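Below: the structure, in structure tokens.
The values are calculated or read from the model by the stated rules, or taken from the named source; none is laboratory data. Bear in mind the structure is a predicted one, so any value in this text is a computation, not a measurement. When we count neighbours, we look across all protein chains shown, and the Cβ atoms used for this are built from the backbone with ideal geometry, even at glycine.
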Amino acid sequence: MMSKATLKNAFKLAGAACFVLQATTAFAQQGAEFFKGKTVNYIVATAPGGGYDSYGRLVAEYMQRYLPGSTFVVKNMPGAGHIIGTNAIYASKPDGLTIGTFNTGLIYNQITKESAVKFDLSKMSWIGKAAADPRVIVIAQQSPIKSFEDLMSQKQPQNFAVAGPGSASFVETVMLTNALKMPVKMLSGYNGTDDQLAMRRGEIVGSIASRSSYKAFVENGYGRMIAQIGGAEKDVPQLASMVKDEKALGLIALVQSQGDIARLTAGPPGIPADRMDALIDAYKKAMEDPELQARAEKLGLPVQPAYGESVLKAVTAAINQSDETRAMLSEALKAPKK
Amino acid sequence: MIDVMFSSLGALLTSPQTMGLMLIAVLIGLIVGATPGIGGRLSIALAIPFVFGMDMTQGAVFLLTMHAVNGTSGQISSIMFGVPGDGDDAATTIDGYPMAKKGEAGRALGASITASGVGGIIGAGVFAIMIPVLEPVILAFSPAEFFLLAILGITFIAFLAGGQNIFKGMIVGLFGMILATIGMDPQTGTTRYAGDYLFLWDGVSLVTLVLALFAVPEMITLAVKGGSIASVSMENVKYSYKQIFQGVMEVPRHWFLALRTSIIGAMIGMVPGLGGSAAAWLCYGHAVQSSKTPERFGHGAVEGVIAPETASNAKEGGSLLPTLFFGIPGSSGMAVMMGAFLILGIQPGPAMLTQHLDLVWTLIWALVVGNLIAVTFLLFITRWVAVLTFINASMLVPFIIVMVAIGAYVNEGQWENLVILVMMSAVGYAMLRAGWPRAPFVIGLVLGRIAEESLHKALDLWGYSFFVRPLSLVLIGMIIATVGFAIYKSRRPSVLDNLKVTS
């Protein structure tokens with residue numbers, strides 16, 4: 001039986017919890033007041049159309065709904081592989097009125113200390129992430145390669161398509177090819193859906209890409225996924241389960257952390273805490289809105305959200321890499337050997 | 001197949017709601033198209049929230065119509081003020097604006113608007129015919145063919161420069177190709193001529209360059225000269241529907257050219273990777289090259305208006321093909337469209353033919369009907385719009401310069417492009433004053449990028465043996481024939497030169 005004292009303590013604890021809970025919501029409410037009648041610029045670091053733009057517009061629309069009195073304006077700032085838009089977000093006034101979304105792959109650019117990068121992702125005000133976008137190795141239908149073992153046992157290097165050098169697709173393919181010693185010859189410059197068409201034509205055998213971008217391609221019977229990095233899907237074997245090498249596993253983990261925190265929303269460093277609480281609160285309500293979920297589902301955009309602190313932690317963890325990984329990354333970002 | 005074809009048309013025309021939506025879509029599409037700097041892609045992205053809850057067919061028809069008529073209105077400012085809204089409109093400027101200067105804006109608009117409509121409809125026809133042979137045709141074009149197609153387009157420069165100017169044309173074309181190398185090297189990732197300027201990483205903005213080379217120099221000339229764009233007074237022109245109708249009749253008079261350029265446009269649209277501007281420019285080049293009197297081009301030849309306009313509208317029908325049946329979008333605009341289709345519950349892919357054949361036909365008909373509505377509407381209002389070319393320069397030029405500046409800024413949202421606009425405008429004005437052709441510049445810029453990227457890919461894939469692929473050999477034959485023809489022509493004194501001597 002519970003003694004009176006413990007009961008009292010429990011009440012106290014519950015009371016304290018209630019107080020804390022109330023305090024944070026009150027704090028968020030105070031922040032929410034600020035956004036009444038204000039315009040929030042939501043920067044999408046890429047051109048209209050495509051995944052980032054779709055997620056961005058969806059997030060902006062529903063965050064506006066949960067920050068009463070606010071107006072969200074989506075602004076596309078494409079260029080230099082998301083760097084222009086991200087630099088702009090980072091340099092904006094930290095008043096909570098400028099936030100935005102960009103490619104998670106910028107983590108690679110920061111790790112290797114690229115000169116164009118004028119941001120520090122670990123210092124940004126993280127509002128949340130909307131999805132996980134696991135990577136897959138896709139092989140064209142007409143190729144005899146049916147599994148990862150098949151791929152590894154090829155004597156001739158197989159043509160793999162990647163986007164421009166410096167892109168996430170490029171970096172990940174170089175890293176994994178080198179670390180796993182895959183018999184792969186990389187061909188760069190396949191932007192957008194060029195790689196899918198090239199696989200249909202047969203000039204390209206495979207590609208390492210995000211699962212969502214190849215979903216329709218595989219459903220249409222044009223190709224098959226032979227390995228996956230991260231993600232909850234069970235239909236494709238995990239790459240990590242087929243690899244023994246420690247170093248390679250480390251890189252796979254890095255790629256996986258990329259996939260886990262996809263479709264980010266963040267603001268510049270130093271947004272006041274109450275406004276951050278209000279923004280995170282609105283983001284959370286937006287993500288939990290069944291209407292948003294239904295629309296995202298129709299668009300083929302998976303929703304697996306995380307918020308504030310936990311996103312920051314994941315980003316920081318991904319950035320803090322060993323010197324060895326850093327060196328491998330720098331190698332991968334350099335010009336390809338001919 | 002045939003019954004579905006006609007029942008879809010019937011269903012489309014007899015549904016007042018769908019037709020009402022199409023009217024709205026046409027209006028929005030025309031307004032967006034007439035505004036320089038903002039493309040059709042943005043309008044679809046913005047329209048997506050509105051199609052939620054729409055019926056599958058209605059939503060798809062709405063978006064497709066809006067997108068399809070986008071190119072139809074861009075020509076208005078290209079012809080009247082020499083202000084192209086986009087890279088492909090610039091091709092229309094080269095002959096359209098000189099026509100406006102001669103007081104023939106009505107004729108030029110009549111011809112170009114009709115040409116757009118005809119192009120759109122033939123594009124829809126090509127779409128329908130190509131369905132059974134789609135796969136082999138699309139898959140026949142690889143980087144090797146892209147490279148040779150781009151080179152073929154570049155050889156057209158020889159004709160664009162006209163007769164004795166062939167060296168000037170080559171210099172300008174090479175200048176365009178040099179500017180095409182600015183930005184991130186597609187192969188090595190090194191930045192070229194871009195330094196620390198991030199806005200140059202993706203290359204120089206095509207819209208900004210086109211505005212700087214074509215629009216601003218003409219406006220400076222106009223401001224210096226005074227008067228109005230049309231060099232003849234309004235009374236002399238007898239401005240009326242008659243002139244517009246004359247323009248309309250130019251299209252049937254040049255029916256074979258219109259048919260060829262529509263088909264070429266649709267084919268280029270069908271093959272993802274070549275891009276929209278390439279269609280208009282290749283067809284403009286083709287019109288000059290196949291003309292008996294190429295020296296008229298650049299001075300107000302009506303064929304120079306018809307060819308790029310048919311091509312740019314026909315390519316929409318073409319680019320819908322891989323989008324719908326492969327689920328692989330044929331252009332950036334179509335990529336957005338595909339996202340919208342998914343929302344509407346349409347899953348693009350080979351199953352479209354078996355499961356949604358009625359929808360496919362409805363979309364084909366929507367292309368036809370939408371283009372007809374747009375053409376009728378534009379021809380009707382053109383009479384009033386064309387009068388603007390008779391307004392005094394002092395009133396008109398400031399407005400147009402502001403419009404140009406907004407266009408250059410809005411396209412990428414980067415202020416640095418305004419600096420490029422001013423710098424390149426000076427170059428453009430110098431070229432205009434010195435009588436250097438400007439069209440080869442855009443060809444070099446547009447096709448130079450494609451040529452470089454696809455050459456790298458083709459060499460990586462097949463080495464030099466890509467030159468002996470069957471389709472490659474055909475294209476190489478065409479290139480040699482074009483060059484040979486150009487040399488032959490340049491040795492023969494042209495009609496225009498004879499005129500110059502006598503006058």
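Here is how the numbers come out for the structure above:
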| read-out | value |
| --- | --- |
| Residue within region B:200-215 that is in a helix (DSSP H, G or I), more than 18 Å from the chain's Cα centre (by Cα), within 11 Å of chain A (Cβ to nearest Cβ) and modelled with pLDDT under 90 present | yes |
| Qualifying residue in region B:29-41 (condition: modelled with pLDDT of 85 or more, of a type outside the set (D, E, K, R) and crowded, with 24+ Cβ neighbours inside 10 Å) | yes |
| Test for residue B:439: is it under 30 Å from residue B:97 (Cβ atoms) and in contact with a Leu (Cβ under 6 Å, 6 or more places away or on another chain) | yes |
| Test for residue B:66: is it of a type in the set (A, V, I, L, M) and surrounded by fewer than 24 Cβ atoms within 10 Å (Cβ to Cβ) | no |
| Region A:213-227, residues that are touching a Gly at 6+ places or on another chain (Cβ under 9 Å) and crowded, with 18+ Cβ neighbours inside 10 Å | A:213, A:214, A:216, A:217, A:220, A:222, A:223, A:226 |
| Qualifying residue in region B:380-395 (condition: without any contact (Cβ under 8 Å) to a residue 12 or more places away in the chain and over 24 Å from residue B:309 (Cα atoms)) | yes |
| Of all residues in region A:231-243 being more than 11 Å from residue A:136 (Cβ to Cβ) and under 20 Å from the mean Cα position of the chain (by Cα), the one that is surrounded by the fewest Cβ atoms within 10 Å (Cβ to Cβ) | A:232 |
| Counted residues, region B:190-199 - those being in contact with a Gly (Cβ under 7 Å, 6 or more places away or on another chain) and assigned to a loop (DSSP other than H, G, I, E, B) | 1 |
| Condition check for residue A:158: free of Cβ contacts under 8 Å to residues at least 40 places away in the same chain and outside the structural domain of residue A:107 (by TED's automatic domain parsing) | no |
| Within region A:160-179, considering residues that are touching a strand residue (DSSP E or B) at 6+ places or on another chain (Cβ under 8 Å) and farther than 20 Å from residue A:212 by Cα, the one surrounded by the fewest Cβ atoms within 10 Å (Cβ to Cβ) | A:177 |
| Within region B:263-293, tally of residues that are under 17 Å from residue B:156 (Cα atoms) and crowded, with 24+ Cβ neighbours inside 10 Å | 14 |
| Close pairs (9 angstrom Cβ cut-off, 6 or more residues apart or separate chains): among the basic types (Lys, Arg) in region A:70-81, surrounded by fewer than 21 Cβ atoms within 10 Å (Cβ to Cβ) and in a loop (DSSP other than H, G, I, E, B) anywhere | A:75/B:413 |
| Exclusive hit being within 14 Å of chain A (Cβ to nearest Cβ) and either surrounded by 15 or more Cβ atoms within 10 Å (Cβ to Cβ) or touching a Leu at 6+ places or on another chain (Cβ under 9 Å) (or both), set B:324, B:396 | B:324 |
| Any hit, region A:100-108, residues being of a type outside the set (Phe, Trp, Tyr), within 25 Å of residue A:31 (Cα to Cα), surrounded by 23 or more Cβ atoms within 10 Å (Cβ to Cβ) and in contact with a strand residue (DSSP E or B) (Cβ under 7 Å, 6 or more places away or on another chain) | yes |
| Test: residue in region B:30-45 that is closer than 16 Å to residue B:371 by Cβ, touching a Leu at 6+ places or on another chain (Cβ under 9 Å) and assigned to a loop (DSSP other than H, G, I, E, B) | no |
| From A:141, A:196, residue being closer than 28 Å to residue A:301 by Cβ, within 14 Å of chain B (Cβ to nearest Cβ), surrounded by fewer than 17 Cβ atoms within 10 Å (Cβ to Cβ) and in contact with a strand residue (DSSP E or B) (Cβ under 9 Å, 6 or more places away or on another chain) | A:141 |
| Residue selected from region B:327-376 under the condition among the polar types (S, T, N, Q) and either more than 21 Å from the chain's Cα centre (by Cα) or not in a helix (DSSP H, G or I) (or both), by the criterion nearest to the other protein chains (Cβ to nearest Cβ) | B:347 |
| Within region B:144-189, considering residues that are within 13 Å of another protein chain (Cβ to nearest Cβ) and in a helix (DSSP H, G or I), the one nearest to residue B:463 (Cα to Cα) | B:144 |
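The rows are residues; the columns are (1) touching a helix residue (DSSP H, G or I) at 6+ places or on another chain (Cβ under 7 Å); (2) closer than 18 Å to residue B:122 by Cβ; (3) at pLDDT below 85.
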site: B:296; (1), (2), (3): no, no, no
site: B:303; (1), (2), (3): yes, yes, no
site: B:317; (1), (2), (3): yes, yes, yes
site: B:334; (1), (2), (3): yes, no, yes
site: B:340; (1), (2), (3): yes, no, yes
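Yes/no per residue for (1) closer than 23 Å to residue A:51 by Cβ; (2) at the interface with chain B (Cβ under 9 Å from one of its Cβ atoms); (3) modelled with pLDDT of 90 or more; (4) surrounded by fewer than 22 Cβ atoms within 10 Å (Cβ to Cβ):
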position: A:155; (1), (2), (3), (4): no, no, yes, yes
position: A:158; (1), (2), (3), (4): no, no, yes, yes
position: A:191; (1), (2), (3), (4): yes, yes, no, yes
position: A:229; (1), (2), (3), (4): yes, no, yes, no
position: A:245; (1), (2), (3), (4): no, no, no, yes
position: A:263; (1), (2), (3), (4): yes, no, yes, no
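Conditions (1) within 14 Å of another protein chain (Cβ to nearest Cβ); (2) without any contact (Cβ under 8 Å) to a residue 24 or more places away in the chain; (3) of a type in the set (D, E, K, R); (4) farther than 25 Å from residue B:447 by Cα, marked per residue:
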site: B:24; (1), (2), (3), (4): no, no, no, yes
site: B:50; (1), (2), (3), (4): yes, yes, no, yes
site: B:56; (1), (2), (3), (4): yes, no, no, yes
site: B:64; (1), (2), (3), (4): no, no, no, yes
site: B:71; (1), (2), (3), (4): no, no, no, no
site: B:80; (1), (2), (3), (4): no, no, no, yes
